[in-house]
Amino acid sequence: LNIFLVPHFGIIGAALATMISYVVLSIITIYQSIRYLSISPLSKKMFNISFAALISSLVLILLINSIQINLISFIVLSILFLLIYLSLNLLFKGFDKKDLMIVKTFFDKLKNISFKLKADNSLNGNHY
């Protein structure tokens, strides 16, 4: 592909050739996964997660183009993106029971760490 596209389109032709090669390679990998391993790499859950990421990204891009970026706005936009992404995944049922259990375990560990830090600080005489 580079032989045909680079002379006519330059660096854009090289990028197109690379993109086409990756798409063809992905299609071949999906086909082989389904045929030889009986594994379907594509599922409804994966599309739901991708759709949630796409919508969250579009919202983020629109907001970035409309406000000036500094450290505070970067932090706020990051938190907003995360909240939108997680909310959409819950709405589109992108999380299954195992995913929700992992999130619950993560928050439980955060609570335990917070409790231990508060207990250590109160034993040492440090107060907030």
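The values are calculated or read from the model by the stated rules, or taken from the named source; none is laboratory data. None of these values were measured; they are calculated from a predicted model. Note that we place each Cβ from the backbone using ideal geometry, even for glycine, and neighbour counts take in every protein chain shown. Ligands, DNA and RNA are stripped out before the accessible areas are found, and what is left, the full protein with its side chains, is counted by its heavy atoms. Shrake-Rupley method; radii C 1.70, N 1.55, O 1.52, S 1.80 Å.
How high is the relative contact order of the chain, in percent, with contacts defined as C-alpha pairs under 8 Å that are six or more residues apart?
18 percent
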Q.
What does the C-alpha gyration tensor say about the overall shape of region 1-56? Classify as rounded when a/c is under 1.5, otherwise prolate if a/b is larger than b/c, or oblate.
A. oblate
Q: For helix 71-91, report the angle its Cα long axis makes with the longest principal axis of the Cα atoms of the chain; keep it between 0 and 90° and round to the nearest 10°.
A: 80 degrees
Q) So what is the accessible area of the chain per residue, in Å², with the probe set to 1.4 Å? A) 84 Å²
Q) Rounded to the nearest 500 deg cm²/dmol, what is the calculated helix-only ellipticity per residue at 222 nm for the chain, with -39500 (n - 2.57) per DSSP H run of length n ≥ 4? A) -28500 deg cm²/dmol
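Leaving out ligands, DNA and RNA, what percent of the accessible area of the chain is carbon and sulfur, probe 1.4 Å?
73 percent
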Q) With charges only on Cβ, +1 for K and R and -1 for D and E, what is the dipole size of the chain about its Cα centre, in debye, rounded to 20? A) 460 debye
Q) Helix 11-37: angle to the longest alpha-carbon principal axis of the chain, degrees 0 to 90, nearest 10? A) 80 degrees
**Q.** 16 Å cut-off, amide nitrogen to a point 7 angstrom out along L1 Cα→Cβ, residues in region 21-63
**A.** 21-30
Q.
Apply the a/c threshold of 1.5 to the C-alpha gyration tensor of region 1-108 and tell me whether it is rounded, prolate or oblate.
A. oblate
Q) In this model, which of K45/K109; K45/K98; K45/K97; K44/K98 are farther than 22 Å apart at the alpha-carbon? A) K45/K109
